[in-house]
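Notes to accompany the following structure.
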Amino acid sequence: MSGEQDDSRLVARARLGDAAAFDQLVRRHYRAAYAVALSLLGRQADAEDACQEAWLRALERLDDLRDPHSFRGWLLQIVRHGALNLIESRRLRAVEPLDDERAAGVEDPRQDLRIVRTRARLEAALARLEPAPRQVVVLFDLGGWSHREIARQLGISEVMSRQHLCQARRRLRGLLDPGEGEYRHEP
């Protein structure tokens with residue numbers, strides 16, 4: 001039984017109020033939804049917010065889905081629109097500094113701080129990429145998508161997906177390698 005057939009049955013059950021069926025849809029498609037949101041927003045916290053909003057909107061509008069076989073594509077469009085709305089409605093928040101209260105629960109606060117700083121550098125570097133290469137690198141490297149899936153989702157060819165990936169990785173290396181001098185961390 002294909003995934004689309006499974007989705008169709010799960011959608012039918014969820015429309016009848018079966019919470020377990022909707023939960024299965026969430027488990028099945030959360031990574032894809034998160035990858036789309038992260039590719040557009042560039043920050044973990046914003047991507048998580050966008051995903052939660054998208055899942056709520058999908059649940060509220062499940063009866064509006066015309067073709068239950070296309071649940072994944074429908075959901076990813078909701079995620080994409082929500083992420084774009086989030087971009088319009090607020091600027092990306094700055095990374096919160098590690099304060100003493102949060103550090104108290106960590107065995108080695110310096111390690112936590114290094115993780116926060118590394119994440120901040122990666123997010124800043126991703127934000128400096130053009131939208132298409134950023135989406136491709138996040139979907140491919142973090143989301144585990146194939147070039148075929150990316151091409152279909154973004155409306156580009158597989159060759160263009162590969163080119164965007166190569167371009168994004170080259171640019172990220174330059175931005176993240178302090179020896180290259182392109183990335184400058186501002187305190």
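The values are calculated or read from the model by the stated rules, or taken from the named source; none is laboratory data. The structure presented is a predicted model; accordingly, all values stated were derived computationally and were not measured. Because the Cβ atoms are built from the backbone with ideal geometry, glycine has one as well, and the counts that use them run over all protein chains shown. Please note that ligands, DNA and RNA were not included when accessible areas were found on the heavy atoms of the full protein model with its side chains. Shrake-Rupley method; radii C 1.70, N 1.55, O 1.52, S 1.80 Å.
List of remarks:
- Considering only residues in segment 109-132 that are hydrophobic (A, V, I, L, M, F, W, C) and without any contact (Cβ under 8 Å) to a residue 40 or more places away in the chain, the one that is most open to solvent (accessible area, probe 1.4 Å) turns out to be Ile115.
- Residues that are more than 12 Å from the chain's Cα centre (by Cα) and touching a residue at least 24 places away in the same chain (Cβ under 8 Å) were ranked within segment 133-159; the one that is least open to solvent (accessible area, probe 1.4 Å) is Pro133.
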